[in-house]
Amino acid sequence: MVNDTHPGEAARRRRWPVAVGAALGGCTLVAASAVPAAAHGSGHGRDTHYVSLGDSYTSGPAIPQQVDANCARSDHNYPSVVAADKDVTTFKDVSCAGATTAEMWKAQGTNGPQLDVVRKDTDLVTVQIGGNDVGFGSIIGTCARVGAQDPTGNPCQRYYDSSGFDQLILNIAQTAPKVDRVLRAVHARAPHARLLVVGYPDLLPDDGSGCAPSVPFAAKDFPYLRDTEKRLNLMLRLVAAWNHAEYVDTYGPTVGHDMCKAPADRWIEPLQPASPAAPAHPNAKGEQAMADAVLDRLEEGRGRD
């Protein structure tokens, strides 16, 4: 059995919410790209044994062809596109819709613990996790519900600020040590693997504009939710750098293709999808865009070897 912990873990985890919370509370958000990417210490030569870990943004619910009903996993999700492009020798995609960081260590329906497929001969690991720990699904539902009460205001932001602090910033900060633990477990199980942390794509207009009623949020909640997603991605970038992993920005490459765009232009489907995809999730074009970002990062990193 692989030991994923060490004696200083408890103290380390206690520091994460404070350190990340300070960064998130004071960040300008647009400066996230200025955080230096972590250097990788392995991955020389062709990556041949590839493992994909993640949640529904990785698995690709409703995108044809679905190959695992339990996890809503598509054979055209971004890991599958990356695996085909890199012509890997072995490919294990255990991403699963609804997964949190806890499912790295415990079974989810017929899907075993995701970390079980990470082994010493693994060369490449991509991880996209944390959105469900923050509460992605409940946030969408809550903001849609309260949006009808004050369509020109910011009822969702007020809801999450009702205790005197931004609950979503706290959620993100509290998720940081969980993602940190996942990355350390990957390193422990596959010490020579190249580890990529994949961020989340642009869900809402980057300029802060809205598109109710197709996306039923209040007008001033669109920029609030945009900034919340940027904070989530910034946290993932920081935790990746802390763990000597590489961060893959999928937000920047998908700006202009959010769920408010016309069906032909969007890569994220709204709450009533027009293309095969789960509500508020990437469609096939969105998965391809994330695959392109991962492939670009792999090539950029190899150029520095």
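Structural remarks
- Each of Y78, V94, N111 was placed along the dipole of segment 61-162 (beta-carbon charges, centred on the mean Cα), and the one lying farthest toward the positive end is N111.
- Extended-chain gain in nm, criterion 0.36 nm per residue less alpha-carbon gap, A188 and Q272: 26.1 nm
- As a rough guide to protection, the peptides 144-153, 254-263 ranked by mean Cβ packing within 10 Å, highest first, stand as 254-263, 144-153.
- Basic side chains Lys and Arg get +1 at the Cβ, acidic Asp and Glu get -1 at the Cβ, and with that the dipole of segment 251-305 about its Cα centre reaches some 100 debye.
- For segment 128-211, applying the loop criterion from DSSP together with a ceiling of 15 other beta carbons within 10 Å to the chymotrypsin sites (Phe, Trp or Tyr not before Pro) yields F165.
- If R0 is 51 Å, the Cβ-Cβ spacing of Q174 and D87 corresponds to a FRET efficiency of close to 0.80.
- Between segment 120-161 and segment 194-232, the alpha-carbon center distance in angstrom: 9 Å
- Cβ-placed point charges (K, R +1; D, E -1), dipole of segment 42-146 about Cα centre in debye, nearest 20: 180 debye
- 17 Å reach of a label modelled at Q149, 7 Å along Cα-to-Cβ, counting backbone N of segment 184-219: 216-219
- Förster radius 22 Å - calculated FRET efficiency between L295 and D207, Cβ distance, rounded to 0.05: 0.20
- Kirkwood hydrodynamic radius of segment 206-295, Cα pairs, Å: 14.0 Å
- Compactness of segment 127-274 - radius of gyration and Dmax, Cα, Å: 16.4, 53
- Cα-Cα over 30 Å, subset of K106/K230; K92/K220; K120/K178: K92/K220
- Segment K261-S163, extension gain: residue separation times 0.36 nm, minus the distance between their alpha carbons: 31.9 nm
- Taking GluC sites (Glu not before Pro) across segment 189-298, none is in a DSSP loop with at most 15 further Cβ atoms lying within 10 angstrom of its Cβ.
- For segment 82-190, a simple Cβ point-charge model (Lys and Arg +1, Asp and Glu -1, everything else neutral) yields a dipole of about 300 debye relative to the Cα centre.
Readers should treat all values here as calculations from the given coordinates under stated rules, not as data from a laboratory. This is a predicted model, so every value here is computed, not measured. FYI the Cβ positions are ideal-geometry reconstructions off the backbone, even for glycines, and counts take in every protein chain you see.
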